[in-house]
Each structure stands twice: as structure tokens, then as C-alpha cells.
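The values are calculated or read from the model by the stated rules, or taken from the named source; none is laboratory data. Note that the structure is predicted; figures quoted are calculated from it, not measured. Positions of Cβ are generated from backbone atoms using ideal geometry, with glycine treated the same way; all protein chains shown enter the neighbour counts. These accessible areas exclude ligands, DNA and RNA; they are computed on the full protein's heavy atoms, side chains included. Shrake-Rupley method; radii C 1.70, N 1.55, O 1.52, S 1.80 Å.
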2 protein chains.
Amino acid sequence: MAEMFTVLPPEQARTLLFERLPAAVASEAIATSAALDRTLSERPLAPHPLPAFPRSTMDGYAVRAEDTFGAGEMLPAYLEVIGEVPMGRGCELTVGSGQAAVVYTGGMLPAGADAVVMVERTQKLGDSGIEVLRAVAAGENVVAVGEDVKEGEALLEAGHTLRPQDLGGLLALGITTVQVARRPRVAIISTGDEVVAPELTPGPGQIRDINTYTIAGLVERAGGIAVPCGVVGDNFDLLLAAARAALEDADVLVLSAGSSVSTRDMSAEVLNRLGKPGVLVHGVAVKPGKPTILGVCDGKAVLGLPGNPVSAMVVAGLFLVPLIERLQGRSHPTALRRVTARLTHNVASVPGREDYVQVRLVHRDGELWAEPVFGKSNLIYTLVKSDGLLRVPLDTSGLYQGEPVVVELF
Amino acid sequence: MAEMFTVLPPEQARTLLFERLPAAVASEAIATSAALDRTLSERPLAPHPLPAFPRSTMDGYAVRAEDTFGAGEMLPAYLEVIGEVPMGRGCELTVGSGQAAVVYTGGMLPAGADAVVMVERTQKLGDSGIEVLRAVAAGENVVAVGEDVKEGEALLEAGHTLRPQDLGGLLALGITTVQVARRPRVAIISTGDEVVAPELTPGPGQIRDINTYTIAGLVERAGGIAVPCGVVGDNFDLLLAAARAALEDADVLVLSAGSSVSTRDMSAEVLNRLGKPGVLVHGVAVKPGKPTILGVCDGKAVLGLPGNPVSAMVVAGLFLVPLIERLQGRSHPTALRRVTARLTHNVASVPGREDYVQVRLVHRDGELWAEPVFGKSNLIYTLVKSDGLLRVPLDTSGLYQGEPVVVELF
């Protein structure tokens, strides 16, 4: 039953793992319209300026600005209207001195014109004349060629994760396919003689698998593809064979350990047999989550998570989520959803260890409060009843009631 | 060119729209393992207690607590070890007075035992004896039947959006299918003679469609299914026919207006012809986004968004996203990702109007600052270069440099 841990602070453990891994998975070309939340592995450049022609930002009249010089309510400038700019077609008109053309928002500025007078600043005069009641400067109410984007400009950086407006921006320039990181495939094996698939009725002493599904959810949210590989009993040869097969088709393998100490040791042995260098970290200074194993097997990350479902989720958040983001080359990790709240109770901790406390958010006297959800750390419903996690930093001995704290929402 | 607006504050406009709509779309039964980010339309109850048997939370010995009464380092209690609890099978052992059984974390407590002594608090004595070096109370190091969840307990409320841990919690109880709201289908039509599909090369005066894709991205993120219906020119009959066809197969229709005033009026007319009551709101007190149309046509929401891509995104965020969440019966809207930052510049506004300002987040002297991204409001790349939106409330005349502000991240 003996167990030796050299526990590492989480950040150090993460560094040790990441140093031994290739930077990112391969990229693939996909349709831009289907690339929401995918991470760019190229730096797209503008193939042409945007807009490609000068556009009006108002409904009004395209004019030569110099013709309106000095115009005002008391001394309007008179212009002859020579026609209307059609939407979506070339414009044959040329606006000469003393002339104007009707133009709508988004319409192309005709040749000769360099500004637009808003319709509200004009007065119709007869069939084909207008009075301009206010002067405009050259370029006024016009978007110039390249004012949105210049030709050749870098539109987005490699490593950027695409948002709705980024898709719009790329498609506006006719960039209909983009090179993005392939979604990392994460195989998940739950182990333990006591664990059965959720669709089965557990016999005496058996429980249903939880970790495959909580971890798969985190994988999908981080941009990966979860590949559930079922439950394997506490048998070294079976587990090694299942791990080998799972890793073949995956970028990352997660072993969710059975809860007994013998199966925890089994995960480490499997890691060392799967490939080089094997186990890098055995034990991290995190509560819950101490018996965590991090390793690299022939260039692929293999993580041994504690069997306790609460620990497994905390540890997956600390190591698996950043790993999946890194494998996609994400320059900025997905912004965590965070809120600030005041703490309802003192929370004790031990310096030298990061503690994660499940909290519920409650409104009280118009303020947001974070209330620790108590309960044994292996109860999945303490997580279900929580709104987020509160981190107690490595070097503190606790947090005080009333203190403002940052809660990372689920 | 005349245009009459009775502009409404956004909240009032939203209420007017929501009041006329059915509460939620129909529900469907799906696999729990595939239900991440879906919204429950039922209130699942625990079919049995969790755990279903008393489980050890430690590696150690299952004992009768009373046998350890008074035990200490100086006066250990001697117990006879009668066997080991197997993992994942029924346990035949019965722990009698003066007896103990080896048990691992997660193992079932054998009959007769009511507590577990950690292995670290014992000393082996011969082949089949242990000394207990510390007393345990009844229930110590044990999770009791139903301690996680009691039989019949409501696990989650209807309207709750499922997170990774919720899937785990449901599957732990064998709930392998759940009743969730169907994903609302949102048809999107871009209009305007000047607008062409992104895969085409725009001719003179033409631009590529942006809004279909930015809006589709927002729809997907809110849990809906985006149904892009292409571009329709500025022709009333064609637009009405396209809108009718699109709405038939959708829960919501979004018309992204062409930018000229005539096409904006066309959207309103189409809405009034599509079904009763038609247009409810024409114009909201929002900048950018004033020329917004909200309506209900025979029980389905139809939104007319401004053609300007920046306005379209702001307005979709204000009306379409909450609408999609409401149609799924979400009790809590998806938490926005928010950060607090200090403002780098004064931002002027007009009381009686909500302003949305695009900002970039920058780190300066260890602090987070929100820097307005200037540029004409119809430039899509002002959104691409921004990290989020800053809301200037309805009743203020602006925000001051240095003020802490809340930024809603994209």
C-alpha cells in the first residue's frame, strides 16, 4: 500500500509536461463558414482592400466637396442632380463641377465626387436641383478604399480562435477556406473493477462511470474531440492493451484511475510501458487532485487522473484543458468566465498547495456572494450544485469571510 | 426617403417581442452523453440513492467504531483481520466485534462495519492482526447511502443548461436519456442588390455578404441552429417569397437589411405580410442599431437587422441571443464573459440611448485597460480588432477616462 509522491506545484508540473510535447497538432483547411471557435494556424492576408470602392455612409448626394465651400442655411450652394447611383452595379455617372448624384448608404461614390451631403442637409429645388445647407469636407460621409482593411494587411494572427465577427471579416474578403489546427483527439479510458457503463445496472459494490462523461464535456468545450473508450477492469495487461489501442488513434490519452491505490499505481506502470519517456510528474500540490500522473509517451501526452470525480474535473481543468488549447496553438487560452463575489465563510488552506473550493453564487443585499458547497470531496453532486470554483493560491493559509474573491464559472 | 421611428429603449422592445411569443419550442429526448450545453425541459429525479451502498473514502480497515473507543498510540485497540473487501463485487464478509476487513477507497463497507480506519493509523501485528492507533466515530471515512443524492430528489431544474458535471451526475444514476429543448432553427436572409455570396467575385458597386455569417456564429453560440438562406435582391415579391419559405422550416427569421433606406422599409412591409401581428417595434434607442425591426408573424419571431455589420452584431446580441435562449426555456441566460477594466479615453454619449462601444483590452502598468476602437461604425474590422463591447447605459451622457467599466467579451 506504500505510495511515494514528489508533489509539484501545478504550474511547474504543467511546464514539465508541455516542454516534452510537440508544439501543436497538424493543421487542415476547412470552410471559413464552418470555422467558428477553431484556431488559425496561418496568418491570413487581405487579397484586396476593403472596401474595394469608395462607399457612402449616408443616404444623400455625392458631390465635389469644393462646390459646398461656405454653404450654410443662409447661403445654400445650388447643385444640379444628374442622376442616381444604382446599388450593386457599376455607375456610369461622373459628377462635374456644380453637379450632384443621389446615393444611398453603401452605394459607390461616382467618379468626380469626393464627399456625400446627407439628405437632411439639403432642400429640393425644382425637378433636378438641390440646395446644400451645410458644407462638407472632402471624404466626409465616405468610407475610402482600404479604410476597413488595406491590401496585403494581416487580418488575424496564427493562434487566434475564430469568433463570429472574424468569420464575417474573412468572408468579406472572399477568404472562403482557412487553415486551422485539427481538433485534438482525446481518448478517455475509465478504469476500475467497480466501474460499469452508465447504461448497465450496477451489481453489489459497483458504480456507474462518471469521469468519461465529465472529461468528455471539458474536452469538447476546449475544442477537442472526445473519444470515449469505455471501462477497463483492474488488469494490467488488459489496461495496457486498451491504452495502446486508444493512443494509436488519438493525440492525448486520459486514464481515469480506479479509486483503489493498486489501480493508481497501475496507471503509472502503464504510462511507463506505453512509450518514452513515460511518467514525468507523479503527484501535484493540488487539493483535490494530488494523485495526478502526467507523462509523455513517444510524443503524445498521457494523463492519469484521480478516480474521484471531483478531483478528476479539477485536475482536467488544470492540465487537460490547457493542453488541448496548446495542441491547437491557441495564443490566448479561452477566456475563463469569471465573476467577483464576496466570500460567505472563512476557507482554510495549507500553504504550498493550491486548493479548489466549489462555490455556489448567491445574491444577498444586492451583492454577489460565493458560498462554499460543503460535502465530501468525492460527491459528484457537490459539483452539480456549484456554480464555479474558487482557487486558494499556493502560498496562502486561507481566505477570509467577506473578502472579495474571483470565481471561475463552470 | 422619409422614415418614421418611434424608438423604444432596448429592454422595453425586448419585452414587447417576448410577450407575443410562445414560451419555448418543443422538447426532444436525446442521449445524456450528447446533451452538453442543451437545456433541460424536464426536472429529472433520482431513481435511487447515490451512492447505493456505503463506500469507504480511504484505504484502510472497515471496523465497528465502538471497538476503537479510547484507542490511541499508547493504548492501541487490537483487531483481527478477517479478509478483504473485493472491488466491484458483493462482499460476503460480516465484521463482528473485535474484527476488521481490508477495504480500499470506493469499496463497499461490509455488513457489521460502520467506519473505516485509515491504513496510516494502524500497525500490522502478525499475519492476521492490526493495532488501531486512533479511535474512529461511527460513519467516519464512509460515504453513507444517499449522502450524494437521496432517492426521489430533484437533480436539476427544468431550464438548466447542462454542463460537464451535470452529464456525469445524471449518468451516475443511470439516466441515459434526457428531455431537452429542441435547438431553435434560425433562418437568415441577407438582402440588398449590392450584396453577393462570399464565394463570388463582387462586380463594381458590389460587396460580399458578411451578416449571414456573423449572425450564424452568434446563433450557434446561443444554442440555435443557423439556417443560412442566401442573398435576396431588393425586390419585394422575391423577398416575401423567400421569407415565407424560410420561415416555414424555422422558429425565427432574421432579415439582414440592405443598407439603403428603401430596403429597410421593405423589411417592415415583408414582416407585416408574413403573418399577424407583424411589426411590433420599428426603431430602438441603441447606437449602433437604431433602424431595428422586431415582429411576430403567426407565432414566430421575425427580426429585421440593420445592414451595417457592426450594428447587425450589436442588435443580434441584444435581441436574437436572448430570444434563442428564451425559446430553449433557459432559466438563466448563458453567463456573459465579462471583465472589469479602466477606460483609456472619455466616451461621449447621449442620454436616452444605449451606446455600444467596441474596445480592445490592453495591459498597462499591471492593470487592464479598455481602449475604444475608433473607426466608422460600418467597418467589420473594427469588430475584428476588438475584444469586446462596452455598454454606455441609457441614462448617462458618457463615461470618463480612468473609470472602471465592465466589458462584455466576444
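For segment A:256-386, what is the convex hull (Cα atoms) projected area averaged across all directions, in square nanometres?
Reported value for the Cα convex hull: 9.7 nm².
Residue separation times 0.36 nm, minus the C-alpha to C-alpha distance between B:R342 and B:R273: what's the value?
20.1 nm is the gain from fully extending B:R342 to B:R273.
List, in order, the whole-Hz ³J(HN,Hα) value for each residue of segment A:214-226 obtained from phi through the Karplus relation with A = 6.51, B = -1.76, C = 1.60 and θ = phi - 60°; use x for Gly and Pro.
Karplus values, whole Hz, x for Gly and Pro: 5, 5, 4, x, 5, 4, 4, 5, 8, x, x, 10, 7.
Would you work out what percent of the accessible area of segment A:338-409, with all protein chains in place, is carbon or sulfur (probe 1.4 Å)?
51
If packing is taken as the average count of other Cβ atoms within 10 Å, what order do A:105-118, A:139-152 fall into, highest mean first?
Per-residue mean Cβ counts within 10 Å order the peptides as A:105-118, A:139-152.
Excluding same-chain residues fewer than 8 positions from B:K276, which aspartates and glutamates have a Cα within less than 20 Å of its Cα?
Result set, ordered by chain and number: B:E19, B:D237, B:E248, B:D249, B:D251, B:D265, B:D298.
How long are the semi-axes of the equivalent ellipsoid of segment A:55-143, defined as square roots of 5 times the Cα gyration tensor eigenvalues? Whole Å, largest first.
One finds semi-axes of 19, 13, 11 Å for segment A:55-143.
Quick check for me: using +1 on Lys/Arg Cβ and -1 on Asp/Glu Cβ, what's the dipole size of chain B about its Cα centre, in debye to the nearest 20?
The calculated dipole for chain B is roughly 1300 debye.
Counting only C-alpha contacts under 8 Å and six or more residues apart, can you give the relative contact order of chain B as a whole percent?
17
Taking a cut-off of 19 Å between Cα atoms, list the lysines near B:K290, but don't count ones fewer than 8 places away on the same chain.
Once the sequence-local lysines are set aside, what remains near B:K290 is B:K376.
Round to a whole angstrom and tell me the spacing of the C-alpha centers of segment A:263-304 and segment B:358-410.
Centre-to-centre distance over Cα atoms comes out at 44 Å.
What residues qualify as long-range amide H neighbours of B:E153, i.e. H under 5 Å apart, gap of 5 or more or another chain, H built at 1.01 Å from N?
B:A46
May I ask for the percentage of alpha-carbon pairs in segment A:64-216 that lie more than 20 Å from each other?
Looking at segment A:64-216, the distances longer than 20 Å represent 67 percent of pairs.
Taking just the C-alpha trace of chain B, give me its Rg and Dmax in Å.
Taking only Cα atoms of chain B, I get Rg and Dmax of 31.3, 100 Å.
Tabulate in residue order the Karplus-calculated ³J(HN,Hα) for segment B:152-163, using 6.51 cos²θ - 1.76 cosθ + 1.60 with θ = phi - 60°, rounded to whole Hz; enter x for Gly and Pro.
Residue by residue, segment B:152-163 yields x, 5, 6, 7, 8, 8, 4, x, 7, 9, 6, 10 Hz.
What are the radius of gyration and Dmax of the protein assembly as shown, computed over its Cα atoms and given in Å?
When restricted to the Cα atoms of the protein assembly as shown, Rg and Dmax are 32.0, 116 Å.
Roughly to the nearest percent, how much of the accessible area of segment B:55-143 is carbon and sulfur, given a 1.4 Å probe?
Solvent-exposed carbon and sulfur of segment B:55-143 make up 49 percent of the total.
Determine the distance separating the Cα centre of segment A:124-195 from the Cα centre of segment B:99-163; give it in Å without decimals.
Cα centroid of segment A:124-195 versus Cα centroid of segment B:99-163: 57 Å apart.
Which peptide among B:189-195, B:129-135 comes first, and what is the full order, when sorted by highest mean count of other Cβ atoms within 10 Å?
B:189-195, B:129-135
Can you tell me the 0 to 90 degree angle between the C-alpha axis of helix B:10-19 and the longest principal axis of chain B, rounded to 10?
With both axes taken from Cα atoms, the answer is about 80 degrees.
Please give the total accessible area that chains B and A bury against each other, computed with a 1.4 Å probe and expressed in Å² to the nearest 100.
When B and A are taken together, about 6500 Å² of accessible area is lost.
Show me the three semi-axes of the equivalent ellipsoid for segment B:115-196, from the C-alpha gyration tensor (sqrt of 5 times each eigenvalue), largest first, rounded to whole Å.
So the three semi-axes of segment B:115-196 are 57, 17, 10 Å.
Could you tell me what a quarter of the Cα convex hull surface of segment A:338-409 works out to, in nm² with one decimal place?
Projected over every direction and averaged, the Cα hull of segment A:338-409 covers 4.5 nm².
Based on DSSP, what percent of beta bridges with both residues in chain B are antiparallel, to the nearest 5?
Around 70 percent of the beta bridges assigned by DSSP in chain B are antiparallel ones.
As a check on your grasp of the helix formula, calculate [θ] at 222 nm for the protein assembly as shown: sum -39500 (n - 2.57) over DSSP H runs of n ≥ 4, divide by the residue count, round to the nearest 500.
For the protein assembly as shown, the value works out to -5500 deg cm²/dmol.
Using the per-residue mean of other Cβ atoms lying within 10 Å as a proxy for protection, in what order, highest first, do the peptides A:291-299, A:369-377 fall?
Put in order of decreasing packing, that is A:291-299, A:369-377.
Just to check I understand the Karplus step: with θ = phi - 60° and J = 6.51 cos²θ - 1.76 cosθ + 1.60, what whole-Hz values come out for segment B:185-192, glycine and proline as x?
Per residue, the Karplus-derived 3J(HN,Hα) values read 8, 10, 7, 10, 10, 9, 10, x Hz.
Give me, ordered by chain and number, the residues 5 or more places off B:S41 or on other chains with an amide H under 5 Å from its own placed amide H.
Distant-sequence amide H within range of B:S41: B:G159, B:Q179, B:V180, B:A181.
Taking the Cα centre of the protein assembly as shown as origin, sum charge times position over the Cβ atoms of Lys and Arg (+1) and Asp and Glu (-1), and report the length of that vector in debye to the nearest 20.
The dipole of the protein assembly as shown has a size of about 100 debye.
Which Cα, out of A:I30, A:T340, A:A241, lies furthest along the positive dipole direction of chain A (beta carbon charges, K/R +1, D/E -1)?
Of the options given, the answer is A:A241.
For B:K276, tell me the accessible area in Å² from a 1.4 Å probe, rounded to the nearest 10.
For B:K276, solvent-accessible area is about 150 Å².
Semi-axes of segment A:33-103's equivalent ellipsoid from the Cα gyration tensor, sqrt of 5 times each eigenvalue, largest first, rounded to whole Å?
Ellipsoid half-lengths, sorted descending, are 39, 15, 11 Å.
Take every residue in peptide B:144-157, count the Cβ atoms of other chains within 10 Å of its Cβ, and give the average of those counts.
Whole-number average of other-chain Cβ neighbours for B:144-157 is 2.
How well do other chains shield peptide A:98-105, expressed as the mean number of their Cβ atoms within 10 Å of each residue Cβ?
3
How far, in nm to one decimal, is A:R338 from itself in the other copies if the label point is set 7 angstrom along Cα toward Cβ? Shortest first, please.
Between copies, matching label points for A:R338 lie 1.5 nm apart.
About its Cα centre, how strong a charge dipole does segment A:55-143 have in debye, to the nearest 20, once Lys and Arg get +1 and Asp and Glu get -1 at the Cβ?
Its charge dipole is roughly 180 debye.
Would you mind giving the mean number of other chain beta-carbons within 10 Å of the Cβ of each residue in A:268-275, as a whole number?
Per residue, the average neighbour count from other chains is 0.
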